[in-house]
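Working notes, structure below.
The values are calculated or read from the model by the stated rules, or taken from the named source; none is laboratory data. Predicted, not measured: the structure shown is a model, and the values here were computed from it. Note that each Cβ is placed from the backbone with ideal geometry, even for glycine, and that neighbours are counted across all protein chains shown. Note: accessible area is taken over every heavy atom of the protein model, side chains too, but ligands, DNA and RNA are not part of it. Shrake-Rupley method; radii C 1.70, N 1.55, O 1.52, S 1.80 Å.
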Amino acid sequence: MESGSKRSKILIVDGHGLAFRAFYAVPPLSAPDGTPTNAILGFMNMLTKVEDEVAPDRCVVVFDAPGPTFRHEIFPDYKAQRKPAPEEFRPQVPLLRELLTALGYPVIVREGVEADDVIASLAKKAAAEEKEAVVVSSDKDLLQILSPGIRMLRPIRGITTLKDCDEAAFIGEFGFEPVFMADYLALLGDAADNVPGVPGIGEKTALQLIREYRTLERLYDALTEEETDGPLKTGVRKKLEAGRASAFYSRDLIYLKTDLPLDPADLPDNPARGRREDALRLCERLGMTRFAEKLKHAVTPVEADAPEAKSDAPVPAGSVPVEFEDLLDAEGLAAVLFHTGKYPPEAESAEVQIADEHGRYAVRQGPELRAGFWERLRGKKLYVNDYKELAACFGPETFQDCEIWDLKTAHYLLHPDRPSHGLKDLYPDMEEKAGVPTGLLWCAARHLGLDLRRYEGLSELMRDVDLPLIPVLVEMERKGVSLSSPLFISLQQELEERVASIEEEIALRAGAEINLNSPKQVAWLLFEKLELPGGAKTKGKTALSTSASVLEGLAALELPHSDVPRLMLEHRELTKMLSGFVVPLQKAAAPCGGVVHTTFEAAFTGTGRLSSRDPNLQNLPAFGNWSRRLKEGLIPSAPDRIFVAADYSQVELRILAHLSGEERLRDAFRNGRDIHRETASWVFSTPPEDVTPELRRVAKMINFGLLYGMSAFGLAGRLGIARGEASSIISRYFAALPGVRNYLDESAAEAQKRGYTRTLFGRVRPIDEAAEGLRDRNALRRVAINTPIQGTAADIARRAMIDFNRIFPADGDVRLFLQIHDSLICECPKSLADQVGETLCGVMKSAASLSIPLDVELKKGRSLADV
């Protein structure tokens, strides 16, 4: 190997182990014919991610062969206690192997040995040939092969988070070299494989022994010595002596073969040599439409014609620096913004790189970005990396005459559940690929443009809704909301005095001051000092829980000391109010002349809802006296101005009525009847006039709960009734509204078959990406049911904001400054309040044409508490 040359890299994947892990990490998915597919999809997504990160020259996937191995000859009961694989998992393994083979991946299955032995042999041979071997597996037995040239990627949470482990990291964690891992495991045993180990020797003791003696031979030689210092105490000696034979044959079971006749050099360089068309057909048969689309994209070069979806973005050429003036003759330009510091960026410290499709580029910094720079780009099509940052830095009005294509928005529309949407997310090694990011931006525009057009209406949604919304949000951030300093100072003082009073009162009960933020000290006071009954334990089962639900239960018992948990609950509420809202809001307003400026994120949530941060004005406390006091301190910018707000009335239920076609719901909404009272009447066979507030409350909970896939178990918990009774209520609900049940079932099934959910306006959410990180196996159905409804509501709100801003531009007396999901809040002169309210209601009602009318509730007031 030549000095300084790059080492060849081989990726070796534990096929069976990772597929099994994917099966439990990804909620149930199935093909149109009912074949389960979650393990296949989870595995392929993980493999794609790892390949992108590792960039191997070769990749091989190893599976276990059926039947016994040489280890069963050593120990007939090896793995005897293992339960059969789940019925839903078994058919997926051969299909996964078929897909991998079609894609060109070498798939190795060797009889008489385990996949671990094959992996170890391949890795050792690669390292001996001065190649780098990267093993992907969660099997701790494989840690014994870590050495120079061999490292492991171990999944530590589901299939999305992997821990990189090499020889140095292993020694840092275990305190001995990887070669002694088999000796360590021989002492500890492995219940999963029925490897007995030495009975009575636990993890801590095994670590001490191997750190001290390294091998079983040295350890058992030391047993003949008389000393009792160190880890060889009398009890440990007895256990070791009794388990001598078990230790050594356990190690024989754990040792991996590293000399199997396998040659990494025979493996293909990449999967491009496979039968891609076969793979596409298999993906489509399995209903893996989203993965199939990715595969098609990989098969078809971006330069090739795609009649069904052509990109407007040209193919970039090599990069050549030129003067800025040389670029002004181009119709389209790519612009990448660089800045340091927090959002919003400061123009004085910003840098912009701009390039045409021929690779010619120029860079401008700070003051150069003023003095007519942007004016000279008016009328052009601009491909940008983050439109919102550009608009916040240079002003939304700067780009009003340009046609904008935004990478962040495009990537978000395609992958709404990804945590970020920048050039680095598409090209992690962008510094190595190109010194000119605008060249990559041209590539991204072409790739993402093709992907957007594969979904009906998605390009139009980007053009007509998501991009026009960005200037609106930037102006809302700029305006902010005024904070009354006197009211907040008074509120903070009262809260601090009440918190101190609670602490003093609890200290009197305890006979000493305790830290109310310490669960241990709170548990001591409640369950030992005051002898209140303890119930649930903490997650680790090591102590009695002091959670809010436990405190609420104790407070409701009306025992002699039940007022103490009540005080603790109040203390938590008030300290959260102080530290989470009152103090941060004042801190945010202080440097801005008493105005609170939030940041609205339009490319953050999976459903399309907006979010707010730094500070979060969408999540202010909703109920109680202190909540009202807090909102009374957020006021218009002048005494002669007022807040006007409009809130969509039951918009998600109206969308459900439209999508489901359920005539009973539609009729109730068309005639303006109380939908929750009507639902209670249908479910409980009671005339509407006889429906009690309690029955209406139950009906409301069902109406909204079912939009989020609430089960009978969930309803029972919320209502405090038996699960059977809750199940009966839900059955009566669906019997009364069969169209709703049909829609929910069909919507979930269609989303799983198609691979993504879809709103009324074309916003999509890929199911496989939404499923990542979901632990509840019913969570995927909830996503499939709720996203089209909540996402449609989010789209309607976005459209209303754009329409309102067109009528009342940001530079006028009327300004929109806050959106809270289904509510829009603006500020205007008192003299215009009626006109603005009427316009706002009209805009919101006409933001979508449904089969039933949209309705809004209008409020006016001198503070956020009033609206």
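Can you work out the FRET efficiency for the pair residue 501 and residue 24, with r the C-beta to C-beta distance and R0 = 41 Å, to the nearest 0.05?
Values: r = 50 Å, r/R0 = 1.22.
Taking R0 as 41 Å, the efficiency between residue 501 and residue 24 is 0.25.
How high is the FRET efficiency from residue 556 to residue 492, r the C-beta distance, R0 35 Å, rounded to 0.05? Please report the intermediate quantities before stating the final value.
Details: r = 31 Å, r/R0 = 0.88.
My answer for the efficiency is 0.70.
Can you work out the PRE-style zone for residue 239? Point 7 Å along Cα to Cβ, and I want the residues of the range 186-209 with backbone N under 15 Å.
The answer is 186-191, 196-209, whose backbone nitrogens lie closer than 15 Å to the label point.
List the residues whose amide H sits under 5 Å from the amide H of residue 136, counting only those 5 or more places along or on another chain, with H placed 1.01 Å from N in the peptide plane.
Amide H neighbours of residue 136, under 5 Å, 5+ apart: 12, 13, 14, 153.
Restricting everything to alpha-carbon atoms, can you work out Rg to Rh for the range 553-672 with a Kirkwood hydrodynamic radius?
1.11
Hey, what number do you get for the chain at 222 nm if only DSSP H runs of n ≥ 4 count, each worth -39500 (n - 2.57), divided across all residues, to the nearest 500?
Working: 36 runs with 389 residues, N = 867.
Computed mean residue ellipticity for the chain: -13500 deg cm²/dmol.
Can you work out the Karplus-derived ³J(HN,Hα) for every residue in the range 231-248? Use 6.51 cos²θ - 1.76 cosθ + 1.60 with θ = phi - 60°, whole Hz, and x for glycine or proline.
For the range 231-248, the Karplus-derived couplings read x, 8, 6, 4, x, 5, 4, 4, 5, 5, 4, 5, x, 4, 4, 4, 4, 6 Hz, x marking Gly and Pro.
I want to check the label-to-label distance for residue 866 and residue 686. Put each point 7 Å from Cα in the C-beta direction and report it in nm to one decimal.
Using points 7 Å along Cα→Cβ, the separation is 3.7 nm.
Over all directions, average the projected area of the Cα convex hull of the chain and note it in nm².
45.5 nm²
Given the protein chains as shown and a 1.4 Å probe, how many square angstrom of residue 161 are accessible, to the nearest 10?
Solvent-accessible area, nearest 10 Å²: 40 Å².
Could you give the length gained on full extension between residue 835 and residue 425, defined as 0.36 nm per residue of separation minus the Cα-Cα distance, in nm?
Additional length available on full extension: 143.0 nm.
Which lysines, if any, have their Cα less than 17 Å from the Cα of residue 860, not counting same-chain residues under 8 positions apart?
Within the straight-line limit of under 17 Å, residue 860 reaches these lysines: 631, 830.
How high is the relative contact order of the chain? Use alpha-carbon pairs under 8 Å, at least six apart in sequence, and give a whole percent.
Numbers: 1407 pairs, mean separation 98.7, N = 867.
In percent, rounded to a whole number, it is 11.
Between residue 713 and residue 35, what is the FRET efficiency for a Förster distance of 30 Å, r being their Cβ-Cβ separation, to the nearest 0.05?
0.60
Using the Karplus equation 6.51 cos²θ - 1.76 cosθ + 1.60 (θ = phi - 60°), what ³J(HN,Hα) coupling, rounded to whole Hz, does each residue of the range 172-186 give in order, writing x for Gly and Pro?
x, 7, 9, x, 8, 6, x, 4, 9, 4, 5, 5, 4, 5, 5
Averaged per residue, what accessible area in Å² does the chain show with a 1.4 Å probe, protein chains only?
45 Å²
For a label point 7 Å from the Cα of residue 545 along Cα→C-beta, name the residues of the range 690-724 whose backbone N is under 20 Å from it.
It comes to 711-723, nothing else.
Along the Cα-to-Cβ line of residue 576, 7 Å from the Cα, sits a label point; which residues in the range 597-628 have backbone N less than 15 Å from it?
619-628
Give me the distance in nm between label points sitting 7 Å out from Cα along the Cα-to-Cβ direction at residue 619 and residue 49, one decimal.
Output for this residue pair reads 2.3 nm.
Whats the longest run of the chain with zero trypsin sites (Lys or Arg not before Pro) that are DSSP loop and have at most 10 other Cβ atoms within 10 Å?
83-341
Report, to one decimal in Å, the Kirkwood hydrodynamic radius for the range 781-867 based on all distinct Cα pairs.
14.0 Å
Pop a pseudo-label 7 angstrom from the Cα along the beta-carbon direction at both residue 811 and residue 697 and give the gap in nm to one decimal.
5.4 nm
May I ask you to compute the full-extension gain from residue 566 to residue 670, defined as 0.36 nm times their residue separation minus their alpha-carbon distance, rounded to one decimal in nm?
Full extension from residue 566 to residue 670 adds 32.9 nm.
Considering only protein heavy atoms and a 1.4 Å probe, what is the carbon-and-sulfur percentage of the accessible area of the range 773-867?
45 percent
Could you work out how much longer the chain between residue 380 and residue 217 gets when fully extended? Use 0.36 nm per residue separation minus the Cα distance between them, nm to one decimal.
51.0 nm
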